[in-house]
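Below is one structure, written out as structure tokens; the observations come after it.
Read-outs throughout are calculated quantities, based only on the coordinates presented, and are distinct from any laboratory measurement. As the structure is a prediction and not an experimental result, all values here were calculated from the model. Here the Cβ positions follow ideal geometry from the backbone for every residue, glycine too, while neighbour counts run over all protein chains shown.
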Amino acid sequence: MTRIYATLGYIDLAAGAFEPIAMPEADMPENRFNDGKVDENGRYWAGSMDDGEKLATGSLYRLDGDHTLHKMDENYAITNGPAFSVDGKTLHHTDTAFCRLNSYKLILCLFDKKIYCDIYAGP
């Protein structure tokens, strides 16, 4: 049985069908994908996370148009909100558990990771 919440794939709502493309964390049953977004080059960026929202076992992935999957970053507990700058040169991605918004320069890969904002979570 395919764990759909841990699989990247195509959904055909009209046909009621799901076509799996990749299941990068098949060996991590406690992980699932949370959300994702397509960049201006048609690449899909999605983050995985610990379903219990505590362990930093999640990663940030990029799925290219040819279905090549790349792990771009790791050690996320709760991945949220990939968003791109207007010029498409920066990716912002949140780890809600650690109250941290990271920004990355985008060329062909991620580089120059910086903590864009570190929000005090409070007691």
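Mean separation of Cα pairs under 8 Å and 6 or more residues apart, divided by the residue count, gives the stretch 29-118 a relative contact order of 19 percent.
Find the Rg to Rh ratio for the stretch 1-72, where Rh is the Kirkwood radius over alpha-carbon pairs and Rg uses the same atoms. Taking Rh as the inverse mean 1/r over Cα pairs, Rg/Rh reads 0.97.
Among rounded, prolate and oblate, which fits the stretch 29-118 when a ≥ b ≥ c are the square roots of the eigenvalues of its C-alpha gyration tensor, a/c under 1.5 means rounded, and a/b larger than b/c means prolate?
On the way: a/c = 2.05, a/b = 1.26, b/c = 1.63.
It is oblate, given that a/c is not under 1.5 and a/b is not larger than b/c.
List the GluC sites (Glu not before Pro) within the stretch 1-82 that DSSP assigns to loop and that have no more than 11 neighbouring Cβ atoms inside 10 Å. Walk me through the intermediate numbers first.
Working: sites: E25, E30, E40, E53, E74; in loops: E25, E30, E40, E53.
Passing both the DSSP loop test and the Cβ count: E40.
The length gained on full extension between V38 and N80, counted as 0.36 nm times the residue separation minus their Cα-Cα distance, comes to 13.7 nm. Among the lysines of the stretch 29-118, pairs that are 8 or more positions apart or on different chains and have alpha carbons within less than 18 Å of each other number 11. Which whole-angstrom value gives the distance between the alpha carbon centres of the stretch 38-67 and the stretch 11-27? Result: 15 Å between the Cα centres. Annotation for H67 and A26: the two label points, set 7 Å from Cα along the Cα-Cβ direction, are 1.3 nm apart.
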